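The structure appears below as structure tokens.
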Amino acid sequence: MRILSGVQPTGKLHIGNYFGAIRQFVALQRDPANECYYFVADMHAITTIKDGRELRENSFMVAADFIALGLDPARSVLYRQSDVPEVAELAWMLSTVTPMGLLQRGHSYKDKVAKGITPNHGLFAYPVLMAADILIVRADRVPVGKDQKQHLEMTRDIAVAFNQIYGDELLRVPEELILPEVAVVPGVDGQKMSKSYGNTLEIFAPEAELKKRVMSIVTDSTPVADPKPTRGNTLYALLKVFTPAGQWAGSKKLFTEGGTGYGEMKKKLLGLILDTFREARTRREQLEQDHSYVEGVLRDGSERAREVISKVMTDCRRVCGLGWV
Ligand code: ADP
Ligand code: TRP
């Protein structure tokens, strides 16, 4: 099974990224039957980040974060999207079979515009570039958070459209892999945790900063002695994400029985976050001092990725009638 996924380097990785995506990436690479490709989606990120130095730094950080969180360059191919420029070429070919209506229905684009981001063509065509990322390695499965479901549907539609025009088996039609139990991790304000909403708990933030963020989680004014609501309660949802399944009944009682204040629960959550990421945080500090190692991993990864995509690109250029074949 060929697995592929990417994360945009638009900011520091947060626990939503971990539970929605990276934890699955790490688990998938452990199965020897899988061939995993994971990349830093920097060409996607220029749709919103216009400072080159910032983007380059972010890309490095995300790559180092990936490695610290357990993505193993010996088991997975790790690369930076812009080191594989063929992706942009395939995106152009795909864009010529993508109906405008398909992109106009995109939730992610509509949400971004509604949030006040000035739309540009890149943002509008984002799903086409994402389709190219996936189709170029002939991925079977794409592990993502629930919010990416529509992008995967669009990828399938685009692949089918291309195959209908140019030949049935050319592009492999992929499927998403979504973990239902941690569909969407909420941020400190209760909305979906997202770098673009400024409501994240960063995995590698210094301890004092992380503490401040956890303490800022929005809660209601239920008195300490009373049972606390569980539905729509951000702190409850976050504790559930971090508590091992076997211990959840005990933690749940903190809410349903009353007597425990939100402050105490927040301290518990902070402890769980630090425990969960202790090893990764240490490894991340080491990688910060070793830029050349991280760069080497990315360079090697892009070379390996370009080997597998060369056949797909040759096929696509041939059927479209582009270049020498
Ligand atoms: P962000 O919304 O912070 O910019 P990205 O869009 O870069 O995050 O998402 C990277 C990966 O993490 C995607 O697979 C996405 O589905 C997943 N992800 C992001 N935020 C969450 C969340 N709050 N809950 C679950 N998964 C998430
Ligand atoms: N759009 C994805 C996100 O915002 C990131 C991404 C880009 C991606 N290309 C991809 C994810 C290809 C999976 C496969 O999270």
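The values are calculated or read from the model by the stated rules, or taken from the named source; none is laboratory data. These figures come from a predicted structure and were not determined experimentally. Ideal geometry is used to build each Cβ from the backbone, glycine not excepted, and the neighbour counts take in all protein chains shown.
See the values below:
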quantity	calculated
Residue that is nearest to ligand 1 (Cβ to nearest atom), among those in the range 131-150 that are farther than 15 Å from Glu86 by Cβ and out of contact with any strand residue (DSSP E or B) (no Cβ under 8 Å at 6 or more places or on another chain)	Gly145
Residues being more than 16 Å from Ile22 (Cα to Cα), assigned to a helix (DSSP H, G or I) and more than 14 Å from ligand 2 (Cβ to nearest atom) - total across the range 164-209	6
Subset tally (residues that are more than 9 Å from ligand 2 (Cβ to nearest atom), outside any strand (DSSP E or B) and of a type outside the set (Ser, Thr, Tyr)) for the range 16-42	16
Spans of helices (runs of 4 or more DSSP H) in the range 228-325 with at least 3 residues under 22 Å from the mean Cα position of the chain (by Cα)	234-242, 262-276, 278-288, 291-320
Any hit, the range 97-104, residues being more than 15 Å from ligand 2 (Cβ to nearest atom), hydroxyl-bearing (Ser, Thr, Tyr), at pLDDT 95 or above and in the same structural domain as Glu295 (by TED's automatic domain parsing)	yes
Meets criteria (hydrophobic (A, V, I, L, M, F, W, C) and without any contact (Cβ under 8 Å) to a residue 12 or more places away in the chain) for Ala74	yes
Residue tally, condition within 16 Å of ligand 2 (Cβ to nearest atom) and more than 17 Å from Ile22 (Cβ to Cβ), over the range 46-88	12
Tally, over the range 122-164, of residues that are over 16 Å from the mean Cα position of the chain (by Cα) and closer than 18 Å to Asp42 by Cβ	7
Residues located in the range 120-163, provided they are outside any helix (DSSP H, G or I) and more than 9 Å from ligand 2 (Cβ to nearest atom)	Asn120, Ala125, Val137, Arg138, Asp140, Arg141
Leading residue by the ranking (farthest from Leu322 (Cα to Cα)) among those in the range 106-119 that are outside any helix (DSSP H, G or I) and in contact (Cβ under 8 Å) with a residue 24 or more places away in the chain	Lys115
Residues within the range 9-25 that are closer than 18 Å to Ala305 by Cα and near ligand 1 (Cβ under 8 Å from one of its atoms), tallied	0
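Every residue, every condition in (1) surrounded by fewer than 15 Cβ atoms within 10 Å (Cβ to Cβ); (2) at pLDDT 95 or above, yes or no:
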| site | (1), (2) |
| --- | --- |
| Ser194 | no, no |
| Asn199 | no, yes |
| Ile203 | no, yes |
| Ala208 | yes, yes |
| Lys212 | yes, yes |
| Lys228 | no, yes |
| Gly232 | yes, no |
